[in-house]
4 protein chains.
Amino acid sequence: MTAEVSAEVSLAVVGLGYWGPNLARNVVAIPGASLAWVCDDDAGALARAAASFPGVGATSSLDEVLADDGLDGVLLTTPVRTHAELAERVLSAGKHCFVEKPLATSVADAQGVVDAAAAGDRVLMVGHLLEYHPGVRALAALIADGELGEIHYIYSNRLNLGQLRADENALWSLGAHDVAVILSLAGEAPVELDARGECYMRAGIEDVVFAFMRFPSGLAAHLHLSWLDPHKERRITVVGSRRMATFDDMEIERKLTIYDKGFDERTDSWGEYIARSGASTSPRLQPTEPLRLEVEHFADCIRSGSAPRSDGASGLRVVRVLEGLQAELERSRR
Amino acid sequence: MTAEVSAEVSLAVVGLGYWGPNLARNVVAIPGASLAWVCDDDAGALARAAASFPGVGATSSLDEVLADDGLDGVLLTTPVRTHAELAERVLSAGKHCFVEKPLATSVADAQGVVDAAAAGDRVLMVGHLLEYHPGVRALAALIADGELGEIHYIYSNRLNLGQLRADENALWSLGAHDVAVILSLAGEAPVELDARGECYMRAGIEDVVFAFMRFPSGLAAHLHLSWLDPHKERRITVVGSRRMATFDDMEIERKLTIYDKGFDERTDSWGEYIARSGASTSPRLQPTEPLRLEVEHFADCIRSGSAPRSDGASGLRVVRVLEGLQAELERSRR
Amino acid sequence: MTAEVSAEVSLAVVGLGYWGPNLARNVVAIPGASLAWVCDDDAGALARAAASFPGVGATSSLDEVLADDGLDGVLLTTPVRTHAELAERVLSAGKHCFVEKPLATSVADAQGVVDAAAAGDRVLMVGHLLEYHPGVRALAALIADGELGEIHYIYSNRLNLGQLRADENALWSLGAHDVAVILSLAGEAPVELDARGECYMRAGIEDVVFAFMRFPSGLAAHLHLSWLDPHKERRITVVGSRRMATFDDMEIERKLTIYDKGFDERTDSWGEYIARSGASTSPRLQPTEPLRLEVEHFADCIRSGSAPRSDGASGLRVVRVLEGLQAELERSRR
Amino acid sequence: MTAEVSAEVSLAVVGLGYWGPNLARNVVAIPGASLAWVCDDDAGALARAAASFPGVGATSSLDEVLADDGLDGVLLTTPVRTHAELAERVLSAGKHCFVEKPLATSVADAQGVVDAAAAGDRVLMVGHLLEYHPGVRALAALIADGELGEIHYIYSNRLNLGQLRADENALWSLGAHDVAVILSLAGEAPVELDARGECYMRAGIEDVVFAFMRFPSGLAAHLHLSWLDPHKERRITVVGSRRMATFDDMEIERKLTIYDKGFDERTDSWGEYIARSGASTSPRLQPTEPLRLEVEHFADCIRSGSAPRSDGASGLRVVRVLEGLQAELERSRR
């Protein structure tokens, strides 16, 4: 991929619901990027964005955006069901494309987007925001350095009393984050999937999901996802053979903690183990907002022509696991 | 069952490992009961107990204990695999019997103990300790009174860095508590069971277990059990249609909390819901130790001839679910 | 005071450091008010604000702002040492005035501002933000309703690792919040003041302050203030004869908790007390941001001509206590 | 002091209220010591102890205890007002003496006990339990090694809803712990004392105490003590020029935490500081109970003839500070 773009990357944000304005604000804030367009077919959302970003082009027409020759890339934050079709239009128009997670609602659709990016030699990045969190990156570095030993299992708890969604269940809405992180930490694809869920508020939309994965290396992973819970938890725990670690996004200061805990084999007695409960440490993390780092990474990849950390292949892998878990949910419905 | 025993109930504690001395101490402490015997075939454990309970008979022979005509009942805290056989001997000797949880390692064995108790018209009580916790009893009362509305689901987290066991996996060792509580709260038997687990420290002994149950009423339940975890959690959460509640045994003061949380249907718009996040309340709980209440209950049942809250039928139901989940664990092993 | 202003209140924000833009954003957001001017003598801050609030007048001249006949009021968020002089200019120009806390750096200066407001019959409001927090308002209502019984004492902990200030010590910077709340809860002025502090980072600027007050009714209050602490605490605890309560601004959901705790006199034995540790309850609080409520209150008071909850007299009382405590700090310096 | 005692130290526990039986249990449990006597003039307490410790002499007469030629030492846990007189009797009888904290109710009395120990060349140890806590010892080691830099200040929070005492106020009852720890960490005596308190439940007995100390080195210390509080806190925080640390006895696992926090002077700009909020670490602590370590230390000192960590001089220093703070409390009473 050649880095033909100028130093200043010109970007558009398409989709101005809850999340789009946050992306737009970060595009404005980072050096080396400029916001050229905001786009939405909802007139009210467009007007509010236009007021917030004076001097930026505002339109309800994606075609008008894509016709801008000076534009380098588009950040798509439209409803999930539109991701694939719109991303393909963006990429086919020769623009680099950032797509909010999940990349698509099916493997087939996700593959189409990946193919379109490859065909046009464009950057395709998926908004797996947690992968850009300094705490998750520090956790990934610990694992890569062998600090936790062999990774036995990973489990996540993503619980709150949240917004009910009519078009996505808790697996796709909440679990996409965890699947993306777990796959990136695992570095391999699961070979066994299991999921159970319950639909209390709307027929066919799971409010609560328990999902399980097994990987070839022996690693296992479990997700507990719910938007119908009294607790607010956003936590990923990694249990390794040497140490354990937790990334807890609800903590103000100790978002990442490493526990020197585990079982040690007794040297004097074969097969006996002693629990070791040693020091716990919370390292200093880079204080930058993950969203800022994510948007900077997209601009950097456009400039350098390098593949994003959460590239199309990564987005496809996540959709493949979500689709597999969804099939398990449907298979096991009452 | 006739209450033929005298006012002072004479009891023996059989099995003096970790838990037996605690039971013995409580027998000594409660009014209306006396400790007549301590029994174990380990000479050291027996000597320590004899020193702690001067004046109490100490023997390694269960036959000697059962030959005591003045003895009313026996509390069994021997290894789980011995529960059924020893309990049948106790009951056949005409003594009332308390058995530590779980009642047995199979449904067949548990049924045998239940039959023996029925044949001899003796009290059979299983040590489902959590059912005697004032916080769990208050939670049960809330549910029975409809304060939480219809119960959607219950999930438990029982995690720690604990003692590795060679003869029991995390399901039987940790999960017996949760299954007992969930069945007592549900008031019905599950119709669907699923479980996955992983054995990291010893072949064939799950250190980590995820279990799922569905009930005829629509209730679902999930257990996350592990003795290989950096966190120490002992928590049961109940999500109802009107309110939610958590029993958290790691809290010092707020062991039970009721959350006025849920989704309310909008009156003006069919099918739209609004999240309601209202007051949270932690009621005052009876400060008595659960173990004390449990031992008192056993003595009371002997005196009155009434069935214990956690009677043999309850113990059998718990073993039936554990056996079913164990089958799922084994079916789904790698 | 006559409510001569039109329905739409026209406001200016003067001082565009850290806090000013937040005020401006809220002026823009509330119905019934409009932002007419932003003003600062720092060119960079002014340019940033002008970009954020397109269509709003931007000037470095307070005179230009005050010359606007259509302007109803000014919100002053300039450095504390300038509060009194600028507020007097605003009020003398016939504009209503909101001043960030504390109102002034001396009782004499604060009195001058109060007099200027009275002379011109203008609204003078001091930005005691915490008094507008729904949690503090609910706490005040509990006390007023007698729910806590007689108030024995109040203590606050306001600790963090914060910004070192060169022009204000921890008493004036952090303690102004607590003094304002405590005086409003007490409804009386203290008769005894004591304070000790230590200056570690800069000579003559206390980083850590302990302050004590006694009130005529018997109430006592204590402040622990520090910007040199490993913990982040923002908490006010009220101990009453019947119940106790804590407003903890670091809690996400349970910002206000009422504890049914205290000592009960035994009826059977004169002078003996039994500790009562009953239920704890966290009521639902209005979810609106305190800053939004504060700005709305200023606009409402301008419209209605009524006195603000934190009016000039209140601001003067707070400065009087701060000045008294400052004298104690200086008297007791090493 | 010569170590004339045999390898097995023979000990008596005098005073069998709440705390005495705990001491007795630990005497029994440690190797190299034996419990020869339990003594109390309350017949019920004596009978209960006699039952708990079969084979141990039980008497209401201290003279009988002291007449035992084989007895090496006495642990006194009688009411505080009796400490000095009884300790002098013990020491004058040639026995080594452990006295619960505080050593006495006045400096004069404490000096008398110290003199008696010196005259008889006996071990005198005061039960400053916290000084034997592995977390406090680790904290002291950190300070001694310079890990925290220069110590700026220390503050303690010792709050609960506790037992009202008729014979001791919160300063003597709760604060003795903190004063002992602070003096041992400081290694110097305070030159300035200030204290304020309030008596709500009983005239002349402070339920709530705020105390302040300044030391020659520049160190300051503050205590917040109360048995009339909704919170349960037992915490000592140390703020140093390089790092900060907290010993929090309410934490289950992280009792000691070191925070890499502070202000760093900017190298490019004289007098400007930047907040540094780095890693936090909770080291592994020795898991032994402090009470066990304390009793072992007394037995070791008897055997070796060495001075205890909390010797008579230490007990005297603590009483001197408590007496000084008490004078401030009384001076400043309403």
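Amide H neighbours of D:GLU192 under 5 Å, at least 5 residues apart or on other chains, H built in the peptide plane: list them. Correct list: D:ARG214.
Contact order, relative form, for chain B: 20 percent (alpha carbon pairs under 8 Å, 6 or more residues apart, mean separation divided by residue count). Counting Cβ atoms of other protein chains within 10 Å of each residue's Cβ and taking the mean over peptide D:105-115 gives 0. Taking only the alpha carbons of the range D:59-185, we obtain Rg and Dmax values of 17.1, 53 Å in that order. Averaged over the residues of B:273-285, the number of partner chain Cβ atoms lying within 10 Å of the residue Cβ comes to 6. Other residues whose C-beta falls under 15 angstrom from the C-beta of C:SER217 contribute a net charge of -2, scoring Lys and Arg +1 and Asp and Glu -1. Among bridges DSSP assigns within the protein assembly as shown, what percent are antiparallel (round to 5)? DSSP beta bridges in the protein assembly as shown are roughly 60 percent antiparallel.
For the options A:GLY44, A:GLY262, A:GLY175, a Gaussian network treatment of chain A with springs between C-alpha atoms closer than 10 Å singles out A:GLY44 as fluctuating the most. In chain A, the beta-carbon sitting nearest the axis that superposes A on D belongs to the residue given here with its distance in angstrom, A:THR281, 2. Going by the alpha-carbon gyration tensor, a ≥ b ≥ c the square roots of its eigenvalues, is the range B:115-176 rounded (a/c under 1.5) or, if a/c is not under 1.5, prolate (a/b greater than b/c) versus oblate? It is oblate, given that a/c is not under 1.5 and a/b is not larger than b/c. Between C:GLU251 and D:MET250, the simple label model (points 7 Å from Cα in the Cβ direction) yields a spacing of 1.2 nm.
Taking all Cα-Cα distances within the protein assembly as shown, those exceeding 62 Å account for 20%. Taking the DSSP beta bridges with both ends in chain D, the antiparallel portion is around 60 percent. Working note: Debye formula, equal point scatterers on the alpha-carbon atoms of the range C:156-227, no solvent; log10 I(q)/I(0) at q = 0.11, 0.13, 0.20 Å⁻¹ is -0.27, -0.37, -0.78.
Quickly estimate the mean residue ellipticity at 222 nm for the protein assembly as shown, helices only: each DSSP H run with n ≥ 4 gives -39500 (n - 2.57), and the total goes over all residues, rounded to 500. Result for the protein assembly as shown, helices only: -10000 deg cm²/dmol. For the range A:269-315, the equivalent ellipsoid derived from the Cα gyration tensor has semi-axes of 41, 18, 8 Å, listed largest first.
Rg and Dmax, both from the Cα atoms of the range C:220-261 and both in Å, are 11.9, 35. Mean sequence separation of contacting Cα pairs (under 8 Å, at least six apart), scaled by the length of the range A:160-276, corresponds to a relative contact order of 20 percent. Counting from the shortest, the label point at D:SER217, 7 Å from Cα toward Cβ, is 4.4, 4.8, 6.4 nm from the same position in each remaining copy.
Partner shielding of A:217-225 amounts to 2, given as the average count of beta-carbon atoms from other chains within 10 Å of each residue beta-carbon.
As a rough guide to protection, the peptides A:95-104, C:23-32, A:126-135 ranked by mean Cβ packing within 10 Å, highest first, stand as A:95-104, A:126-135, C:23-32. For D:ARG254, the amide hydrogen comes within under 5 Å of no other amide hydrogen, counting only partners 5 or more places away or on other chains and with H modelled in the peptide plane. Take A:ALA7, move 7 Å from Cα toward the beta carbon, and the resulting point lies 5.3, 8.3, 9.8 nm from the same point in each other copy, nearest first.
I need the Debye-formula profile for the range D:1-83: one equal scatterer per C-alpha, no solvent, reported as log10 I(q)/I(0) at q = 0.15, 0.17, 0.19 1/Å, two decimals. Result of the Debye calculation: -0.49, -0.63, -0.78.
Over the range D:204-273, Cα pairs under 8 Å with separation of 6+ residues give a relative contact order of 18 percent. GNM on chain C, alpha-carbon springs under 10 angstrom: the most fluctuating residue among C:LEU256, C:LEU142, C:LEU124 is C:LEU142. The separation of the range B:176-234 from the range B:74-121, counted between C-alpha centres, amounts to 24 Å.
Remark: label point of C:ALA51 defined 7 Å out from Cα along the Cα-Cβ vector; separations to the same position in other copies 2.1, 7.9, 8.1 nm, ascending. Note: chain C, Cα convex hull, 154 Å³ per residue.
Considering only Cα atoms, the convex hull volume of the range D:159-281 works out to 143 Å³ per residue. Could you tell me which of rounded, prolate or oblate describes the range C:291-334, using a ≥ b ≥ c as the square roots of the eigenvalues of the alpha-carbon gyration tensor, with rounded for a/c under 1.5 and, failing that, prolate when a/b is larger than b/c and oblate otherwise? Note, shape of the range C:291-334 comes out prolate. Each residue of the range C:195-201 was assigned a 3J(HN,Hα) from its phi angle through the Karplus curve 6.51 cos²θ - 1.76 cosθ + 1.60 (θ = phi - 60°); the sequence is 7, 10, x, 9, 10, 9, 8 Hz, with glycine and proline shown as x.
If you bin all the Cα-Cα distances of the range D:204-334 at 10 Å, starting from zero, the percentages per bin are 9, 23, 33, 25, 9, 1.
Among the chymotrypsin sites (Phe, Trp or Tyr not before Pro) in the range C:1-82, those placed in a DSSP loop whose Cβ has at most 10 other Cβ atoms within 10 Å are C:TYR18.
Read the figures in this text as sums done on the coordinates, not as results from a lab. Please read these numbers as outputs of a predicted model, since none were measured by experiment. When we count neighbours, we look across all protein chains shown, and the Cβ atoms used for this are built from the backbone with ideal geometry, even at glycine.
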